[in-house]
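Following: one structure in structure tokens, then a few remarks.
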Amino acid sequence: MSTLLNQPPSLLRRWSLAAGIYLLIWLLGYWTLTYWRYAYPGRWLLLAGVMLIVALTILGGNLRHNRRGEDGPLLPTLGYGNALTMARGLLLLLLTGFLFSPRPPEPFLWLPAILFTISRLIDCFDGYVARITRHDTKLGAILYNEIDGLDLLVAGLLCVQFGVLPVWYLVLAVSRQLFVMGMWLRTRAGKPNRDLPPSDNRRVIAAYQTGFISVMLWPVFTPPLSTLAGVLFAIPLIYSFGRDWLVVSHLIDP
């Protein structure tokens, strides 16, 4: 909280605006589910509220990085690219509410898939918009990585929860979080972590993975077809994370 309060008034106003929009959408989502007699509105409100706090904490705790380059001046606005990323955070908030509940019936049956698919479409543009508006910042990179990781985590959990993908797929759903934790443990143990170089293969595999999860959320596919597809898409993901871990651990030359 002290980090947030120490920011310039212009950034505080924009964080407050984001918080107000998040609260409004959160409450509107709860009202809509209650109005249409969704079976678990209280559970949805709680879980979506947790993600609301997480998203706003990520934004508020990293406002000091709203600059182009480490030594650049602090920018007074968040920019259109970050606005798109925070819009993805809103969709993530709505999606998170469906965790730990059965697949919603009509008229909400298709809603989780629609929310995640829209988020993936926005994902195609937020970084590009930040670059062409010259507002590509470290804050934007942090927001993108955190929202993207949480988005995939929640969507993967829902696929397993809805019985579309097998339970072992949960390990892949949390693969990014496990990777980050592994790097943190290496740092705690006094071991150096090598920076990962840019990789087209990594981006392609990630794109296929997110597309696969998006398709699996649509209430069309069922086992054993979805299980077989899960195995086929898991192989390149395991390879990608395994190779990156060997690079980070200084075991192979990037």
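All alpha carbon pair distances within region 114-191 were sorted into 10 Å bins beginning at 0; the resulting P(r) in whole percents reads 16, 35, 32, 16, 1.
Shown here is the pair-distance distribution of region 1-118: with all Cα-Cα distances grouped in 10 Å bins from zero up to the longest one, the shares run 13, 40, 26, 15, 5, 0 percent. For the peptides 50-56, 149-155, residues were scored by their other Cβ atoms within 10 Å and the scores averaged per peptide; the highest-first order is 149-155, 50-56.
Determine the distance separating the Cα centre of region 75-102 from the Cα centre of region 209-232; give it in Å without decimals. About 24 Å separates the Cα centre of region 75-102 from the one of region 209-232.
Helix-only arithmetic for the chain: the sum of -39500 (n - 2.57) across DSSP H runs with n ≥ 4, divided by the residue total, places the mean residue ellipticity at 222 nm at -23000 deg cm²/dmol.
Is any helix in the chain, taking whole DSSP H runs, at least 15 angstrom long along its axis by alpha carbon and on average at least 0.5 on the Kyte-Doolittle scale, and which ones? Working shown, then result.
On the way: long enough: 9-35 (38 Å, 0.81); 41-61 (29 Å, 1.73); 79-96 (26 Å, 1.12); 111-123 (18 Å, 1.42); 138-161 (34 Å, 1.09); 175-188 (20 Å, -0.10); 200-217 (26 Å, 0.38); 225-248 (35 Å, 1.45).
Answer set is 9-35, 41-61, 79-96, 111-123, 138-161, 225-248.
Dimensions of region 130-254 along the principal axes, based on C-alpha atoms and rounded to the nearest Å, stand at 44, 39, 24, largest first. Projected onto its three principal axes, the C-alpha set of region 72-212 covers 51, 39, 26 Å, listed from the longest axis down. Other residues whose C-beta falls under 13 angstrom from the C-beta of A155 contribute a net charge of 0, scoring Lys and Arg +1 and Asp and Glu -1.
For a quick protection proxy, order the peptides 25-31, 177-183 by their average other-Cβ count within 10 Å, most packed first. The partial results should precede the final answer.
Working: 25-31: 15.7, 177-183: 13.9.
Highest-to-lowest ranking by the protection proxy: 25-31, 177-183.
Candidates T85, T117, P73 compared by Cα position along the dipole of region 49-195: farthest toward the positive end lies P73, with charges placed on Cβ. For region 199-240, the spread of Cα positions along the three principal axes, ordered from largest to smallest, is 33, 16, 8 Å.
Amide hydrogen proximity for L165: with H placed 1.01 Å from N in the peptide plane, the residues at 5 or more positions away or on another chain lying under 5 Å are V160. Here region 45-164 has 70 percent of its accessible surface on carbon and sulfur atoms, given a 1.4 Å probe and all protein chains in place.
Taking all protein chains into account, the per residue accessible area for region 31-92 stands at 52 Å² (1.4 Å probe).
The values are calculated or read from the model by the stated rules, or taken from the named source; none is laboratory data. None of the values given here were measured: they were computed from a predicted structure. Every residue, glycine as well, gets a Cβ built from its backbone with ideal geometry; the counts of neighbours run over all protein chains shown. Just the protein is used for accessible areas: all its heavy atoms, side chains included, with ligands, DNA and RNA removed. Shrake-Rupley method; radii C 1.70, N 1.55, O 1.52, S 1.80 Å.
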